[in-house]
Amino acid sequence: MLIKSPPSWQMPEREATPEHVLFNRRHFLGALAAGTTTLIGGSAFAARETDPTADLYPAKRNGNFVLDRPLTKESDASSYNNFYEFGSHKRIAMEARRLKIRPWTVSFEGMVEKERQVDIDTLIRAMPLEERLYRMRCVEAWSMAVPWSGFAMSELVKYAKPLSSAKYVVMQTFHDAKMASGQKQVWYPWPYTEGLTMAEATNELAFMVTGIYGKPLPKQFGAPLRLAVPWKYGFKAVKSIVRFKFTDRRPVTFWEKVQSAEYGFWANVNPKVSHPRWSQASERILGSTKRVPTLLYNGYGEQVASLYDGLKGENLFK
Ligand SMILES: Nc1nc2c(c(=O)[nH]1)N[C@H]1C(S)=C(S)[C@@H](COP(=O)(O)O)O[C@H]1N2
Ligand SMILES: [Mo]
């Protein structure tokens, strides 16, 4: 029998994590970080294993992508993550150290000229790496602003050589319950699955992330390859990808399978469309207790609004 246990992020963040608890936890983490910097964040990995692509960082910043707010502190972004494969709480950095990111193979499947697999280091070295400053807005109403490194998803699509009949690209995370204890929770529809239309995937903002803060991606952020689609809620940003499948059928995504009344395929940010159980009008920026107004398409409407012109009948904002 399947027992559905609702994930904690189905509550607004401020209810899921009372601010005083958060405050104390931050203090604790701060003290921990000051004493032993290798304990949290990605430096633990760097200390024991050398990332084979480390020489590529920092990548040159692309000045076309600017922020309206300060960057989130690395220690804040690195210690407050969603990665259900390693637990349904936010402090998964430690547990995520179990993620084995080499060797790592990525496959291109379905409607492509020729299905193939590629080693992650070959793929990363074949792509034009750059750094972009992006905002990220989680559906739980917290947000951050970070310097991602990686490459335009349009470059990956070119590399994959999809057929013109492909309408969607489906992305999946690894599936290994021995390594990722969260995947022992059988009521979740592993592996984590997300998807974009081909128009979304080739929009200039869609970005494949391989690094952050001028370094290879620490494990808790979804190393060695994750997505960034800053105009959509954070759950679209699938981590630790092993598979790209091109198809003419819209996938049912991970959170849509868990709770389709609350999470859908499009998940574009819209402050006027509330989650069934909380408002999306404002957000808390990680590292502060201040709330700021949320913007339509998370502020990226100029680049992406036209993608949805012919889709008025769809529920574009959940
Ligand atoms: N495989 C996988 N990808 C995932 C998730 C997850 O649990 N598993 N969580 C998503 C959610 S809800 C968010 S908000 C972002 C969080 O990214 P961050 O931890 O880098 O801030 O990752 C997304 N990608
Ligand atoms: Mo999220």
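The values are calculated or read from the model by the stated rules, or taken from the named source; none is laboratory data. The structure displayed is predicted, hence computed values, not measured ones. As a convention, Cβ positions derive from the backbone with ideal geometry for all residues, glycine included, and neighbour counts pool all protein chains shown. Areas reflect the complete protein model, heavy atoms only, side chains present, ligands, DNA and RNA absent. Shrake-Rupley method; radii C 1.70, N 1.55, O 1.52, S 1.80 Å.
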Original post:
So, with a 1.4 angstrom probe, what is the percent of accessible area on the range 13-304 that is carbon and sulfur?
Top reply: 54 percent
**OP:** Pull up the DSSP beta bridges for the range 13-304 and report the antiparallel fraction as a percent, rounded to 5.
**Re:** 85 percent
**OP:** Whole number in Å², please: accessible area per residue of the range 195-276, 1.4 Å probe, ligands, DNA and RNA not counted.
**Re:** 26 Å²
**OP:** Can you check how the C-alpha radius of gyration of the range 49-91 compares to 2.2 N^0.38 Å, as a plain ratio?
**Re:** 1.61
Original post:
Where a Cα-Cα gap under 23 Å defines reach, which lysines qualify for residue 290, not counting those fewer than 8 residues away within the same chain?
Top reply: 73, 90, 232, 272
Original post:
Over the range 55-189, what per residue volume does the convex hull of the Cα atoms give, in whole Å³?
Top reply: 165 Å³
Original post:
Whole number please: convex hull volume per residue of the Cα set in the range 13-304, in Å³?
Top reply: 129 Å³
Original post:
Under the Kirkwood approximation applied to all pairs of distinct alpha-carbon atoms, what is the hydrodynamic radius of the range 265-317 in Å?
Top reply: 12.2 Å
Original post:
What does the highest-first list of 101-113, 285-297 look like by mean Cβ count within 10 Å?
Top reply: 101-113, 285-297
**OP:** Report residue 154's accessible area, 1.4 Å probe, all protein chains in place, as a number in Å² to the nearest 10.
**Re:** 40 Å²
Subject >> Under 15 Å from the residue 60 label point (7 Å along Cα→beta-carbon), backbone N, the range 142-167 >> reply: 150-152
Original post:
Along its principal axes, what span do the Cα atoms of the range 165-318 show, with the longest given first and each in whole Å?
Top reply: 45, 42, 34
Subject >> lysines with Cα under 19 Å of residue 114, excluding same-chain neighbours fewer than 8 positions away >> reply: 158, 161, 167, 245
Original post:
Which of the peptides 83-95, 270-282 is most tightly packed, and how do the rest follow, going by the mean number of other Cβ atoms within 10 Å of each residue?
Top reply: 83-95, 270-282
Subject >> Those lysines that a straight Cα-Cα span of less than 19 Å connects to residue 178, excepting residues fewer than 8 apart in one chain >> reply: 100, 219, 239
**OP:** Report the full-extension gain for the segment residue 250 to residue 187: residue separation times 0.36 nm, less the Cα-Cα distance, to one decimal in nm.
**Re:** 20.4 nm
